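What follows is a single structure, written as structure tokens, with notes after it.
Readers should treat all values here as calculations from the given coordinates under stated rules, not as data from a laboratory. Quick caveat, the model's predicted, so the values are computed rather than measured. Counting neighbours? That spans all protein chains shown, and the Cβs are built from the backbone with ideal geometry, glycine included.
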Amino acid sequence: MTRYGFREALGAFFHADTNTLRRWLPAGLSPLEAQPGHALIAVTAFDFTESEVGAYGELVISVLVPPFATRGSPLPHAATFPVVLATTTASSRAHASERWLLPEHERCLDIEFRRDGQQRSVHVHDRGELVLTLSVKRSAGVPSDRLYQVFSARDGQLHRVNLHILGDLDEHQDETGRLQLYAHPITSRIESALLDDRPIVEQSIESGEQQFSDLVSHKWEQS
Amino acid sequence: MNTSEDWRNYDLSHFRSTTGEDLFDVHDHFDRWGEGARPGGYDLYLKSIASSPTPRVRMQQESQPILNLASYNYLGLSYRKEVIEAAQRALAEYGLGAAGSPHLSGLLNLHESFAEEIADFKGTEAALLFPSGYSANIGAISALVGPSDWVIADMNAHASIMDGCLLAQTKLSLFRHNDMVSLQKRLAGAPGRKLVIVEGVYSMDGDIAPLDEVVALCKRYGARLMVDEAHSAFVYGETGKGLVEHFGVEKDVDVHFGTLSKSLGGMGGYVAGSKTMVDYVRAYARSQVFSCALSPPVVGGLREALRIARREPQLRQRLWENVAVMREALLAEGVDIGDSISQVIPIMVRDDSGIFPIARALELAGVYLNPILFPAVKRKQSRFRVSISAAHDPAELRVGAQIIGQALRAAGVIR
């Protein structure tokens, strides 16, 4: 078990074009659709305070995919395939790539969390230039422990890892959040798929922890 | 799922799309979830009632009748004596079933007459009957559009509209609920042939589509327009033609959709419009082609229900008076009814597991209502859906509103 403590996390799900997302996924995975042609992108940011590689900020952009369900094992709450992972430190980027085989953005970004009343936002900069801002509304949270599944691919092999995220969670569908994208290689990719910049789900977690199990090779035959 | 105790962490959406080694593995997860979810409140769904859906229903054979605010029997026609007698006459004359698809042996003169009467009522050239509202939507949409076309639909549109798009393999673009700026953006971003689909009354919120604005945008962008009047036909407009009549846009709508299960109190659906459109849908709506035609006694009853709806405008008047009574009574109790302006009135609770004990308390106190939660509505927007009928007694509605207010106060939903 690998643990990462975080002060705050923000997340939001957006409708995105299924066909575009399908091209981002390796063989064997397909996008999870909310409506016909409308798959889901998750944009999440973590403000980690404790980890094997110290404190750092993280931005993850993922495609939601159907979870792998097996009899006798807990059913994941959701499953994702990260297509962008950017952090604020070189050691955390290398760690994510080596340990979890996750994609590694070429350089460090600045990830700043802000609070304004109920509004929570994250502002991501690259060498002083804005990359994106994500804002969500937070009301009272509840203690939560959810199991997620994260897929990754390297050298033609699919891998998956179970991930518990614990913390004080507020999740809603009030359509009050907003994603603003600025010119950048990361955002041009999202922009090509995004169908609406208003999130259909908003999440805010405070005082939380990620608990990773061991990475396993995904044995399911790739089609 | 680890144990059935975890059921609150999951909802129906979590079991629908999974992968795995065995197709049936997810059934175990679903079953274990049900072990917790059913006693937790999901047993309130698929719960039988022991009487006809009148304003007062018995939940068990021997129990006392309680106020029914859950059935969408808007004009109280399903149990009208004349309707039952007409159904009995059709049963005696034609038997129970049509015994065939309408395209083969199943089309009875009864069906033809009723389709003509629907068209006459709606003021369209033709109408086509379907076995259900769901089959009408999936059949019509999959017949009218294909993979190279666009459907531009309201984000809150009914599941049958989404499923119709899935069946048609069409390009679907969703605009924000009742947001005309969003609709305009979607229209501008959809080159080629397009069909806009909106509902008249939205079934979970009770608000209505701004049809005059929708029509104007469709004309501007050369889009065809389909209006789903499942909850507005036979109750809205001066003669009950629906929201299209309310807005005076009957002739600007290309595809009129409606159900026969709500205001007319039977079952089935219809699509009405130009003869050429209806003939085309008749040929390609597979949900109609490959289904048995509507049961004759149902059609017999529906014909009488339509006659009553046309000759008794006082039913609609009574319905709207009852809606005004209930709205006023609920607002006086401090209940949040969202943006509803129709006979569908949401009672906003916004507590996805806390709504179940309130439902049980309401039933014990004498009010039957169904909890509605994700995925039927958004998370944390759980609610009860009140359906008002012309047959309700205004005094009983006032008492019902008081009971609802008391139950919500006891649960801490309102002060």
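Oblate is the label for the stretch B:155-238. Its Cα gyration tensor axes, ordered a ≥ b ≥ c, give a/c of at least 1.5 and b/c at or above a/b.
Ignoring everything except DSSP H segments at least 4 long, calculate the 222 nm mean residue ellipticity for the protein assembly as shown; use -39,500 (n - 2.57) per segment, divide by total residues, nearest 500. Result for the protein assembly as shown: -9000 deg cm²/dmol, rounded to the nearest 500.
Got a sec? How would B:355, B:403 order by Cβ neighbour count within 10 Å, fewest to most? If you can, show how the numbers build up before the last one.
On the way: B:355 23, B:403 20.
Fewest-to-most ranking of B:355, B:403: B:403, B:355.
If the elastic network links every pair of Cα atoms under 10 Å, which of B:286, B:38, B:307 fluctuates the most in the Gaussian network model of chain B? Comparing B:286, B:38, B:307 in the GNM, the peak value goes to B:38.
Between the stretch B:191-236 and the stretch B:334-382, what is the C-alpha centre distance in whole Å? First find each Cα centre; the distance between them is then 26 Å. Among the residues of B:150-159, the average count of other protein chain beta-carbon atoms within 10 Å of the residue beta-carbon is 1.
Distance from the alpha carbon centroid of the stretch B:43-97 to that of the stretch A:42-72 works out to 52 angstrom.
Roughly what % of DSSP beta bridges within chain B run antiparallel, to the nearest 5?
Numbers: 20 of 39 bridges.
Antiparallel bridges: around 50 percent, rounded to the nearest 5.
Here the simple spin-label model places points 7 Å from the Cα toward Cβ, and for residue A:94 and residue A:189 these points are separated by 2.2 nm. Using only the Cα atoms of the stretch B:221-314, build the gyration tensor, take square roots of its eigenvalues as a ≥ b ≥ c, and label the shape rounded, prolate or oblate: rounded if a/c is under 1.5, else prolate if a/b is larger than b/c, else oblate. Note, shape of the stretch B:221-314 comes out oblate. Working from the Cα coordinates of chain B, the gyration tensor eigenvalues give, after taking √(5λ), semi-axes of 33, 27, 24 Å in decreasing order. Inter-chain Cβ neighbour count for A:29-42, averaged per residue, equals 4 (cutoff 10 Å, partner chain atoms only).
Rounded if a/c is under 1.5, else prolate if a/b is larger than b/c, else oblate: which is chain A, with a ≥ b ≥ c the root eigenvalues of its Cα gyration tensor? Rounded, because the longest to shortest axis ratio a/c is under 1.5. Taking chain A as a Gaussian network of alpha-carbon nodes connected by springs under 10 Å, the highest mean-square fluctuation of the residues A:141, A:117, A:57 belongs to A:117.
Orientation-averaged projection of the stretch A:95-223 equals 9.8 nm² [convex hull of Cα atoms, one quarter of hull surface area]. Remark: for residue pairs A:137/B:194; A:137/B:185; B:251/B:378, the C-alpha separation exceeds 31 Å in A:137/B:194; B:251/B:378. Put simply, the C-alpha atoms of the stretch B:230-374 give a gyration tensor, and the ellipsoid matching it has half-axes of 33, 20, 16 Å, longest first.
Please compute, for peptide A:69-80, the average count of beta-carbon atoms on other protein chains lying within 10 Å of each residue's beta-carbon.
Taking all residues of A:69-80 together, the mean is 6.
Kindly provide the GluC sites (Glu not before Pro) of the stretch A:16-59 that DSSP labels as loop, not H, G, I, E or B, and whose Cβ sees at most 13 other Cβ atoms within 10 Å.
Working: sites: A:33, A:50, A:52, A:58; in loops: A:52.
Those that pass, being in a loop and sparsely packed, are A:52.
Exposure proxy for B:196, B:249, B:335: other Cβ atoms within 10 Å of each Cβ, ordered fewest to most, give B:249, B:335, B:196.
A Gaussian network model of chain B, with springs between Cα atoms under 10 Å, assigns the largest mean-square fluctuation among B:32, B:350, B:316 to B:32.
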